[in-house]
Amino acid sequence: MPFEFTDIGRWWYKEIEIDIVALNEDTGKILFCECKWSELKRKDVNRILIDLKEKSTAVKWHKHERSEYFGLIAKKIENKADLREHGYIAFDLQDMIK
């Protein structure tokens, strides 16, 4: 993980829902993460991350003074290493059984 969390949980407001929001009150860092029980192709991953970034704008916590991280947890993620190289958090079942 890119930072230590001081708080973690689900987040929702009206019709917007984010599976995991983790943050550090001291550093102003925040992680937005979606969880999917499916095997994701690259196009699926791109769509999910675009949607997640859009949803994250509704979270008001330190809106203009925070460092944002985005991630995805799924049954299987195609090209997971490429996502990680681009700064995303990416975990699937293979990571859990290592």
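When the chain is modelled as a GNM with alpha-carbon springs shorter than 10 Å, which of Ile16, Ile77, Ile30 fluctuates the most?
Looking only at Ile16, Ile77, Ile30, the largest GNM fluctuation is found for Ile16.
Check cross-link reach from Lys63 to the lysines: straight Cα distance under 24 Å, and skip same-chain residues fewer than eight apart.
Straight-line reach from Lys63, under 24 Å: Lys14, Lys29, Lys53, Lys55.
Between Lys75, Lys14, Lys29, find the one with the highest GNM mean-square fluctuation for the chain; connect C-alpha pairs within less than 10 Å.
Greatest mean-square fluctuation among the candidates belongs to Lys14.
Relative contact order for the chain: what is it in percent, counting Cα pairs under 8 Å that are at least 6 residues apart?
Relative contact order of the chain: 24 percent.
On a 0 to 90 degree scale, rounded to 10, what angle separates helix 42-56 from the longest Cα axis of the chain?
10 degrees
With N denoting the number of residues in the chain, provide Rg(C-alpha) divided by 2.2 N^0.38 Å, to two decimal places.
Normalised by 2.2 N^0.38 Å, the Cα Rg of the chain equals 1.06.
Please arrange Phe91, Phe32, Phe70 by counting, for each residue, the other beta carbons lying within 10 Å of its beta carbon, fewest first.
By the 10 Å Cβ count, ascending, the order reads Phe91, Phe70, Phe32.
Throughout, read-outs are computed from the coordinates displayed, never taken from laboratory work. Keep in mind that what you see is a predicted model, and the values were worked out from it rather than measured. Ideal geometry is used to build each Cβ from the backbone, glycine not excepted, and the neighbour counts take in all protein chains shown.
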